[in-house]
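A.B. asks: Dumping the structure here so I can ask a few things about it.
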Amino acid sequence: MAEVIWGLATSHVPSIGAAMDNHKTEEPYWKPLFDGYAPARSWMAEHRPDVAVIIYNDHANSIDLDLIPTFGVGTAESYPVADEGWGHRPVPPVIGDPELSEHLVRELMDDSFDIATFNQLDVDHGLTVPLSVYCPDPGQAWPCAVVPVVVNVIQYPQPTAARCYALGQALGRAIRSFPQDRKVAVFGTGGMSHQLAGARAGLINAEFDRMFLDAIETDPETLAALTREDYVREAGTEGIELIMWLVMRGALSNNIKRIHETYHVPASNTAAALALFEDLGATSAVTA
């Protein structure tokens, strides 16, 4: 049977990937951010999953803005790295797990979630930057397969936080019902507070971010009760990406341990954070 072994919440700022790709991680601007990642990276390297289920949003690189599904799951054997206008990132293509993907689509549909299926999908920085946060030196291949889960946080109306948390709970059930052995990590990506345009461009709300970092572990129901307007008001128009962290949190059991967190302002013009949780419920089930 498959098991969820850990969950990672991490920002997916494109310049974080660019800093790695261009060997700038030791420069004064970037070093504090990457130093903050180091303990989580060491722990994750010792607890490698077979598959990473990565919840992210496409940034109009593979999904046309004329047709944006609320939720989608990639079912391909592989996912090319998108060219976002300045060439492909120098990272390996992403290898899929079609059997697990198709199982998740079926189970989520049967759990009353209408899921779009992506048989072809170019993945942009929303997915590849979190992979690089996890594994900064993949060489010729990433260390695990990937199932992309796409969430609309671009076009109004986005799904509610409550619906995303419920999706995560359904996703966790679906993963654990997969009959083959898989160790699965679930990534929730995006955020934290930031706004890229308009009168509040440059907004960062550290107080809200700190509250969210605490509550994502201990009180996700309170975060799920916040409205779209709450997220936009407190975290900015792009800060609504935080609802994707709730998908990750919903997929974990109630028995989790915080391994590491870090918070840094700014990465580009974004409040960037990482929070890593071990799923002790899954560990207990294996060792009992």
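No value in this document is a laboratory result; all are computed from the given coordinates. All values derive from a computational prediction rather than experimental measurement. Cβ coordinates were reconstructed from backbone atoms using ideal geometry, including for glycine residues, and neighbour counts include every protein chain displayed.
A.B. asks: Find out how many positive minus negative residues lie around Asp50, taking Lys and Arg as positive, Asp and Glu as negative, among other residues whose Cβ is under 9 Å from that of Asp50.
C.D. replies: Around Asp50, the surrounding residues sum to +1.
A.B. asks: Counting Lys +1, Arg +1, Asp -1, Glu -1, what net charge surrounds Asp35 among other residues with beta carbon under 15 Å of its beta carbon?
C.D. replies: Neighbour charge sum, excluding Asp35 itself: 0.
A.B. asks: On full extension of the chain, what length is gained from Arg173 through Glu102, given 0.36 nm per residue of separation minus the C-alpha to C-alpha distance?
C.D. replies: Additional length available on full extension: 24.1 nm.
A.B. asks: Also: Once R0 is set to 30 Å, what does the formula 1/(1 + (r/R0)^6) return for the Cβ-Cβ distance between Arg233 and Ser268, expressed as a FRET efficiency to the nearest 0.05?
C.D. replies: The calculated FRET efficiency here is 0.85.
A.B. asks: Using the crude model of +1 on Lys and Arg Cβ and -1 on Asp and Glu Cβ, and no other charge, please compute the dipole size for the stretch 2-287 relative to its Cα centre, in debye to 20.
C.D. replies: 420 debye
A.B. asks: In terms of the Cα gyration tensor, with a ≥ b ≥ c the square roots of its eigenvalues, is the stretch 9-87 rounded because a/c is under 1.5, prolate because a/b exceeds b/c, or oblate?
C.D. replies: Oblate shape, in that a/c is at least 1.5 and b/c is the bigger or equal ratio.
A.B. asks: In 5 Å bins starting at zero, report the fraction of Cα pairs in the chain per bin as a rounded %.
C.D. replies: In order of increasing distance, the bins hold 1, 6, 13, 18, 21, 19, 13, 6, 2, 0, 0, 0 percent.
A.B. asks: Rounded to the nearest 500, what is the chain's calculated 222 nm mean residue ellipticity when only DSSP H runs of at least 4 contribute -39500 (n - 2.57) each, over all residues?
C.D. replies: Per the formula, -11000 deg cm²/dmol.
A.B. asks: Same structure, new question: Taking the mean number of other Cβ atoms within 10 Å as a proxy for protection, how do you rank 25-36, 203-214 from highest to lowest?
C.D. replies: 203-214, 25-36
A.B. asks: Report the net charge of residues surrounding Ser193, where surrounding means a beta-carbon distance below 14 angstrom and charges are Lys +1, Arg +1, Asp -1, Glu -1.
C.D. replies: -3
A.B. asks: Please tell me the relative contact order of the stretch 2-287 in percent, rounded to the nearest whole number, where contacts are Cα pairs under 8 Å and at least six residues apart.
C.D. replies: Once divided by the residue count of the stretch 2-287, the mean separation gives 31 percent.
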